[in-house]
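> The structure's right below; bear with me while I get my questions together.
Read-outs: derived from the displayed coordinates by stated rules, not from any lab. Keep in mind the model is a prediction, meaning the values are calculated, not measured. No Cβ is skipped: glycine too gets one built from the backbone with ideal geometry, and neighbour counts run over all protein chains shown.
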């Protein structure tokens with residue numbers, strides 16, 4: 001999967017996400033598997049789900065967590081790759 | 001005859017001595033067919049096994065679900081009409097049939113995603129009910145007995161019915177009776193009658209709650225080397241609560257609603273992982289640890 005800084009994601013209808021105790025709980029109706037994200041992963045999901053691009057998400061996270069944007073972007077790409085692999089999100093060109 | 005259980009009323013043509021009689025209008029109706037050999041059937045969507053031998057199979061029926069307790073009885077639950085019809089195999093004892101009705105069929109019939117029934121024991125502590133869930137064999141009933149020995153009132157042995165009320169969940173008591181076997185019987189020092197003819201467990205009745213009470217916490221039991229209690233949040237809590245649901249099917253047929261129900265419950269009540277080592281002699285410490293934890297909550 002190749003993502004550019006301008007990439008966005010879409011969440012298929014078969015993916016349900018709710019936040020419990022600050023952590024995302026995700027159910028894939030397709031595979032009937034549950035997933036959990038920690039607080040940072042949850043924030044990344046929320047930003048991307050709101051329509052932000054990968055670059056915008058990395059910028060927002062860098063400010064919120066006072067961390068280098070390049071490191072954040074690398075973490076976001078890794079998370080996105082896993083979420084796409086599990087069928088929970090889809091990249092939008 | 002009308003009997004009360006799990007916050008509902010069952011109209012039954014047969015005596016159910018485990019339950020209290022009531023004059024309240026019945027919500028569910030039980031029909032009992034004459035005993036007959038269980039016909040061969042297929043189409044079961046799920047089968048639970050004990051020791052590798054089929055024990056319970058379930059499949060959708062016209063207006064609900066059909067449950068087959070192999071070699072013992074078939075129950076058909078009509079969720080819309082709120083009826084339960086049972087057909088017993090010849091030789092199936094009345095105590096066994098009542099045990100299956102009260103401990104397996106009725107809790108599953110009452111379960112709904114928004115008003116779940118958890119496979120849990122529960123006790124009354126200051127401020128409400130503490131529930132204990134986890135896989136079979138970890139000692140939910142034994143732990144409840146330890147609370148009874150410490151002077152606490154018991155709430156349910158196997159099935160905990162919950163209804164949302166004002167942002168929390170109200171819990172309804174199960175019918176009186178703990179099923180204990182082996183060394184656990186010594187905790188309360190009362191032998192009790194066998195659960196069913198030939199069953200290895202006996203039913204003991206310590207002081208029991210009679211009124212609904214708010215659910216204060218859910219403890220998910222796990223085996224551990226030492227006693228510990230830690231918060232279980234997020235996905236782990238939701239998965240644990242989903243797994244504890246006593247459903248007629250396996251949850252797939254209504255996965256989205258079951259997910260929302262588990263999320264709602266996880267958001268409304270603390271969920272904890274309670275690790276406990278083997279050893280009845282450690283139970284007073286477990287009881288004390290839970291009481292301290294709940295007092296801090």
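> Which order do the peptides B:135-143, B:9-17 come out in when sorted by mean C-beta neighbours inside 10 angstrom, highest first?
B:135-143, B:9-17
> Then there is this: Using the count of nearby Cβ atoms within 10 Å as a rough guide to exposure, how do B:97, B:118 rank from fewest to most?
If I rank by nearby Cβ atoms, fewest first, I get B:97, B:118.
> Grab the eigenvalues of the alpha-carbon gyration tensor for the range B:2-110, scale each by 5, take roots, and send me the semi-axes largest first in whole angstrom.
After diagonalising the Cα gyration tensor, the semi-axes are 23, 15, 13 Å.
> Which of B:77, B:124, B:32 moves most in a GNM of chain B, Cα contacts under 10 Å?
Largest GNM mean-square fluctuation: B:32.
> Let me ask another. For each of B:55, B:48, B:86, count neighbouring Cβ atoms within 10 Å of the residue's Cβ, then give the residues from fewest to most.
B:48, B:55, B:86
> Kindly rank A:63-69, B:249-255, A:83-89, B:167-173 from highest to lowest mean number of other beta carbons found within 10 Å of each residue.
By packing density, highest mean first, the sequence is B:167-173, A:83-89, B:249-255, A:63-69.
> Could you give the spread of the C-alpha atoms of the range B:135-240 along their three principal axes, from largest to smallest, in whole angstroms?
Reported extents, whole Å, longest axis first: 42, 36, 26.
> May I pose another question? Any idea what the relative contact order of the range B:2-110 is, in percent, if you count C-alpha pairs under 8 Å spaced at least 6 apart?
Dividing the mean separation by the residue count of the range B:2-110 yields 21 percent.
> Order by neighbour count: A:77, B:272, fewest other Cβ atoms within 10 Å first, most last.
A:77, B:272
> Kirkwood hydrodynamic radius of chain A from all distinct Cα pairs, in Å?
Kirkwood hydrodynamic radius for chain A: 13.3 Å.
> Take every residue in peptide B:258-267, count the Cβ atoms of other chains within 10 Å of its Cβ, and give the average of those counts.
That works out to 4 on average.
> Mind telling me which of A:41, A:51, A:30 comes out most flexible in a GNM of chain A, alpha-carbon contacts under 10 Å?
A:30
> Between residue B:168 and residue B:292, take the C-beta separation as r, use R0 = 25 Å, and let me know the FRET efficiency to the nearest 0.05.
0.70
> Here's something else I'd like to know. Which whole-number percent gives the relative contact order of chain B, counting Cα pairs below 8 Å spaced six or more residues apart?
In percent, rounded to a whole number, it is 16.
> If you line up the long axis of helix A:39-49 against the longest principal axis of chain A, both from Cα atoms, how many degrees apart are they, to the nearest 10?
Value to nearest ten degrees: 90.
> Another question, then. Cα axis of helix B:255-268 to longest principal axis of chain B: angle in degrees, 0 to 90, nearest 10?
Roughly 30 degrees between the two axes.
> Taking Rh as the Kirkwood radius computed over C-alpha pairs, what is the Stokes-Einstein D of the range B:220-297 at 37 °C in a medium of viscosity 0.692 mPa s, expressed in µm² per second?
Using the Kirkwood radius from Cα pairs, D works out to 236 µm²/s.
> Could you state the angle between the C-alpha long axis of helix B:140-149 and the longest principal axis of the C-alpha atoms of chain B, as a value from 0 to 90 degrees rounded to the nearest 10?
60
> Give me the Debye-computed log₁₀ of I(q)/I(0) at q = 0.07 Å⁻¹ for the protein assembly as shown, equal point scatterers on Cα only, no solvent, two decimals.
-0.39
> Tell me, how many Å apart are the Cα centres for the range B:192-224 and for the range A:1-69?
42
> With the cut-off at 25 Å, report for chain B the share of all Cα pairs above it, as a whole percent.
Looking at chain B, the distances longer than 25 Å represent 47 percent of pairs.
> Only helical DSSP H runs with n ≥ 4 go in: add -39500 (n - 2.57) per run for chain A, normalise by residue count and round the 222 nm mean residue ellipticity to 500 deg cm²/dmol.
-13500 deg cm²/dmol
> Name the residue, out of B:233, B:243, B:51, whose mean-square fluctuation peaks in a Gaussian network model built on chain B with Cα pairs under 10 Å.
B:51
> While we're on this one: So what is the relative contact order of the range A:8-87, in percent, for Cα pairs below 8 Å that sit 6 or more residues apart?
Relative contact order for the range A:8-87 comes out at 22 percent.
> Taking each residue in A:36-47, count the Cβ atoms of any other chain within 10 Å of its Cβ, then average. What number comes out?
The shielding value for this peptide is 1.
> Now for a different question. Ignore the peptide's own chain and count Cβ atoms of other chains within 10 Å of each Cβ in A:10-16; give me the average, rounded.
Going residue by residue through A:10-16 and averaging, the value is 1.
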